[in-house]
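The values are calculated or read from the model by the stated rules, or taken from the named source; none is laboratory data. This one's a predicted model, so the numbers in the text were calculated from it and none came from an experiment. Every residue, glycine as well, gets a Cβ built from its backbone with ideal geometry; the counts of neighbours run over all protein chains shown. Note: areas computed on protein heavy atoms with side chains; ligands, DNA, RNA excluded. Shrake-Rupley method; radii C 1.70, N 1.55, O 1.52, S 1.80 Å.
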Amino acid sequence: MMERNTKQNIILTGFMGSGKTSVGIRLSYRLRRMLLDTDKEIERRQRKTVSNIFAQDGEEAFRQMETEYLKELLKENGSRIVSTGGGMPVREENRTLLKKLGIVIYLQASPETVYERLKEDTTRPLLQNGDAEKKIAELLSERQAFYESGADVIIRTDDKSIDEIVAEIAAGLKLG
Ligand code: S3P
């Protein structure tokens, strides 16, 4: 059971296509908390899309922007929902920052689910070149342990609707 805590941020982590954005939006209505999306904040600040940041500045620069943004968030007082980019928990420093920031909820999805959700997507630079199905499987297996060790709570999302996932989170947090 998750702890009752109305002051901490609720952080959503998970692979691309795991439902972080949709769950975040629904959860923010339900709990009446502000939603922040790290990708969108970085895009707003850089005035370019994540794809353009990857193309023009490179992945490492984007990773640094993610870390800097987490550090900034930590300075703020938070009872928000924070939806994170799928690569966020890969850096050890980010895992530590995320845990300091609030309760980290990992939305776990199988490679098959992710592929079904993202096969037509053109906005994820890491999946644009080559065999997306293979890349998803590789990245997921590389990252699995980071997602797990970086999380306070793991929620399986395969075969669940957004509403079911939100209800599970709200019930667990005893906030809903
Ligand atoms: C990434 C996931 C994306 C975005 C960027 C890199 C990743 O976020 O941050 O394309 O490394 O998994 P979403 O998980 O919101 O798609």
### Query
What is the number of the single condition among (1) open to solvent by 10 Å² or more (accessible area, probe 1.4 Å); (2) within 9 Å of the ligand (Cβ to nearest atom); (3) assigned to a helix (DSSP H, G or I); (4) in contact with a helix residue (DSSP H, G or I) (Cβ under 7 Å, 6 or more places away or on another chain) that G17 does not meet?
(3)
### Query
Being at pLDDT 95 or above, within 16 Å of V90 (Cα to Cα), of a type outside the set (K, R) and open to solvent by 40 Å² or more (accessible area, probe 1.4 Å), is that true of even one residue in segment 156-169?
no
### Query
Any residue in segment 106-122 that is open to solvent by less than 10 Å² (accessible area, probe 1.4 Å), more than 19 Å from L35 (Cβ to Cβ), touching a residue at least 40 places away in the same chain (Cβ under 8 Å) and not in a loop (DSSP other than H, G, I, E, B)?
yes
#### Entry: Flag for D152 being among the charged types (D, E, K, R) and under 15 Å from Q8 (Cβ atoms)
yes
### Message
Filter segment 29-72 down to the residues that are of a type in the set (S, T, N, Q) and either open to solvent by 20 Å² or more (accessible area, probe 1.4 Å) or outside any helix (DSSP H, G or I) (or both) and list them by number.
### Response
Q46, T49, S51, N52, Q56, Q64
### Query
Among the residues of segment 143-167, which ones are free of Cβ contacts under 8 Å to residues at least 60 places away in the same chain and touching a strand residue (DSSP E or B) at 6+ places or on another chain (Cβ under 6 Å)?
I154, I155, R156
